[in-house]
Amino acid sequence: MKFVIDNWSLFLIAIVSGALLIWPLVRGAVGGDLTPARAVQLINRDKAVVIDVRETEEFASGARIVGARNIPLGELEAKLPGAVKNKAVPVILVCSTGGRASRALPIVKKLGYEQAQALAGGLKAWKDANLPLEKA
């Protein structure tokens, strides 16, 4: 116990270092880096395509971003090339909170959509920003 008391600063440094190492993982759980405002700019200026990766039942029963296309995460690799033929167009991935969209991002990038981004916070962030939604 004396060692801990005498070296409290070392323990503090170790705890802070651990927290800084874990921070990117915690931040990644919320979604990507794309803000709702930036997503609107991409949609309006660059004709970005919004892909909702929620399950079909979730997409059909709830609110969604206007013009979003539904391709569930499990079917993304097979169906995205047919839905978005131009790989140069920005692709915005959306789900309820951003977690599934973040998991979908590496799949979409592997398919060659280099301008793909996940919406940080998902539909929750979109709603919180008071942006338009369409009902099922």
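Could you tell me which residue of segment 58-79 is surrounded by the most Cβ atoms within 10 Å (Cβ to Cβ), considering only residues that are without any contact (Cβ under 8 Å) to a residue 40 or more places away in the chain and in a helix (DSSP H, G or I)?
The residue in question is 76.
All but one of (1) over 23 Å from residue 90 (Cβ atoms); (2) at pLDDT below 90 hold for residue 27; which doesn't?
Only one criterion in (1) over 23 Å from residue 90 (Cβ atoms); (2) at pLDDT below 90 is unmet by residue 27, namely (1).
Take the residues in segment 81-99 that are out of contact with any strand residue (DSSP E or B) (no Cβ under 7 Å at 6 or more places or on another chain) and part of a helix (DSSP H, G or I); name whichever of them is nearest to residue 125 (Cα to Cα).
Only one residue tops the list, namely 99.
Go through segment 100-136 and give me each residue that's under 25 Å from residue 77 (Cβ atoms), charged (D, E, K, R) and either part of a loop (DSSP other than H, G, I, E, B) or in contact with a strand residue (DSSP E or B) (Cβ under 7 Å, 6 or more places away or on another chain) (or both).
Across segment 100-136, the qualifying residues are 109, 114.
Take the conditions among the charged types (D, E, K, R), surrounded by 20 or more Cβ atoms within 10 Å (Cβ to Cβ) and either without any contact (Cβ under 8 Å) to a residue 40 or more places away in the chain or within 22 Å of residue 128 (Cβ to Cβ) (or both) and apply them to residue 45. Does it pass?
So residue 45 does not fit the description; no.
Can you name every residue in segment 80-108 that is free of Cβ contacts under 8 Å to residues at least 24 places away in the same chain and either closer than 27 Å to residue 132 by Cα or not assigned by TED's automatic domain parsing to the domain that holds residue 56 (or both)?
Passing the criteria: 82, 85, 86.
The values are calculated or read from the model by the stated rules, or taken from the named source; none is laboratory data. Fair warning: this is a prediction, and the values are worked out from it, not measured in the lab. Glycine gets a Cβ as well: all are built from the backbone with ideal geometry, and neighbour counts include every protein chain shown.
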